[in-house]
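Engineer: Right, I'll just put the structure down here and ask away after.
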């Protein structure tokens, strides 16, 4: 498997962990935090889901599954960064 897609995927997931960490420290309302989290997670998976849904061919199912996997992993990484920041803040008190 080529190394460049793996590097891009790792960078995307690390970015979401860092974004979740930082999002916890910003003094916004929970509604704004949720909208920001959705705006951070959705763009990359939609690049795979939308073409797969628009055109039905041999690879469309693979594209949709890849997009859904990215979506689930992105949500998990964002929540992981959020919970790690919360646990660290609790320890410091």
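Engineer: Taking region 7-64 on its own, how many of its residues are closer than 15 Å to residue 76 by Cα and outside any helix (DSSP H, G or I)?
Structural biologist: 1
Engineer: Sticking with this structure for a sec: From 46, 14, grab the single residue that is under 29 Å from residue 90 (Cβ atoms) and touching a helix residue (DSSP H, G or I) at 6+ places or on another chain (Cβ under 9 Å).
Structural biologist: On the way: 46 fails: under 29 Å from residue 90 (Cβ atoms).
Exactly one of 46, 14 is under 29 Å from residue 90 (Cβ atoms) and touching a helix residue (DSSP H, G or I) at 6+ places or on another chain (Cβ under 9 Å), namely 14.
Quick note: the coordinates plus some simple rules give every number you see, no bench work behind them. This structure is a prediction, so every number in the text was calculated from the model and none was measured. Note: ideal-geometry Cβ built from the backbone for every residue, glycine included; neighbour counts use all protein chains shown.
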